[in-house]
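First up is the structure itself, then whatever we jot down about it.
The values are calculated or read from the model by the stated rules, or taken from the named source; none is laboratory data. This is a predicted model, so every value here is computed, not measured. Glycine also receives a Cβ, built like all others from the backbone with ideal geometry; neighbour counts cover every protein chain displayed. Just so you know, the surface numbers come from the protein's heavy atoms only, side chains and all, with ligands and any DNA or RNA stripped out. Shrake-Rupley method; radii C 1.70, N 1.55, O 1.52, S 1.80 Å.
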Amino acid sequence: MGPHRDGAHLGHDQVVGMLGDLRRTLRARFGTSDERRLDSESRLGPGERRARHVVVPVRFHIVHSGPRGRLSKATVRRQISTLNAAYGGRRGGADTRVRFRLAGYGRADKAAWFHNPRRYEGPMKRRLRKGGRGTLNVFTAAVGTDVLGFATFPQHYKKNPRVDGVIIDYRSLPGGPYKRFDRGYTAVHEIGHWLGLLHTFEGGCLPPGDGVADTPYEAEPAEGCPYSRDTCPQRGDDPVHNFMDYAHDPCMREFTAGQGRRIRAAWAAYRSR
């Protein structure tokens, strides 16, 4: 078994609660929780016209220990390009209509934060994080070899905005030394959580799964590089090539149209204000 992308494994009640909160928030703000209807309407709310794309400003915080983990701005720009290719459907699958632009790049030489970002997540983010609910803060550090990153969900921003963001292992960026996890897709995956997506294998074969209709149920995470498989009695093969699964980077290539709608709905509900 290889490393896991993250530790964002939720209990059934947590998933039901988060999906329910999204529906309630959409109804309160837009009068409907139907994501297809929201996507097709020309206005999201009073004076707020639907944009063709969601453009996410990204602030990168390079946490390092002397020369270890001291990533260049060129590496960060390659990661931004990878995000735009993945979310734009240029690797396969659907265009989510999400784009990313680099809004900030900074470095912090903090050995304790670098070596144990989970332990020091609070003080690190409180010191470095910038922007509001719609600004993506990405922190790179030595997350580990068993888990490659972790992220906050948009539903949690209101309660704890100062720890909002994504932390990824510095070795997982494009061209990094982590074999099979060196194309920058750990960031793609973790940012999917920040944008409101759950794992495709969430809850196994038990409804509601990840709550997205066009990602078939999946009993367990994909490991390695499976060609295809079908582990649940519900219709459809496992989405083993989806960015929200756990396959190796060379085997990940797509988001679905439903995941794109979910991202845009979650953005409208939680991050656009």
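So that you can scan it fast, the table gives a plain yes or no per residue for (1) within 28 Å of Glu35 (Cβ to Cβ); (2) out of contact with any Cys (no Cβ under 6 Å at 6 or more places or on another chain); (3) crowded, with 23+ Cβ neighbours inside 10 Å:
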| site | (1), (2), (3) |
| --- | --- |
| Val166 | yes, yes, yes |
| Ser172 | no, yes, yes |
| Gly175 | no, yes, no |
| Arg180 | no, yes, no |
| Glu202 | yes, yes, yes |
| Pro208 | yes, yes, no |
| Val212 | yes, yes, yes |
| Glu218 | yes, yes, yes |
Q: Scan segment 1-54 residue by residue and report those that are modelled with pLDDT of 75 or more, buried (at least 19 other Cβ atoms within 10 Å of the Cβ) and in contact with a strand residue (DSSP E or B) (Cβ under 9 Å, 6 or more places away or on another chain).
A: Phe30, Leu38, Val54
Q) Using beta carbons and a limit of 8 Å, which pairs, at least six apart or on different chains, have the first residue in segment 240-261 and free of Cβ contacts under 8 Å to residues at least 60 places away in the same chain and open to solvent by less than 30 Å² (accessible area, probe 1.4 Å) and the second one small (Gly, Ala, Ser) and assigned to a helix (DSSP H, G or I)? A) Met244/Gly192
Q: Select, from Thr140, Thr200, the only residue that is in contact (Cβ under 8 Å) with a residue 24 or more places away in the chain, touching a strand residue (DSSP E or B) at 6+ places or on another chain (Cβ under 7 Å) and in a loop (DSSP other than H, G, I, E, B).
A: Thr200
Q: Give the residues of segment 112-129 that are in a helix (DSSP H, G or I), open to solvent by 20 Å² or more (accessible area, probe 1.4 Å) and farther than 17 Å from Asn160 by Cα, sorted by residue number.
A: Ala112, Trp113, His115
Q: Can you tell me which residue among Met252, Met244 is touching a Phe, Trp or Tyr at 6+ places or on another chain (Cβ under 6 Å) and of a type in the set (A, V, I, L, M)?
A: Met252
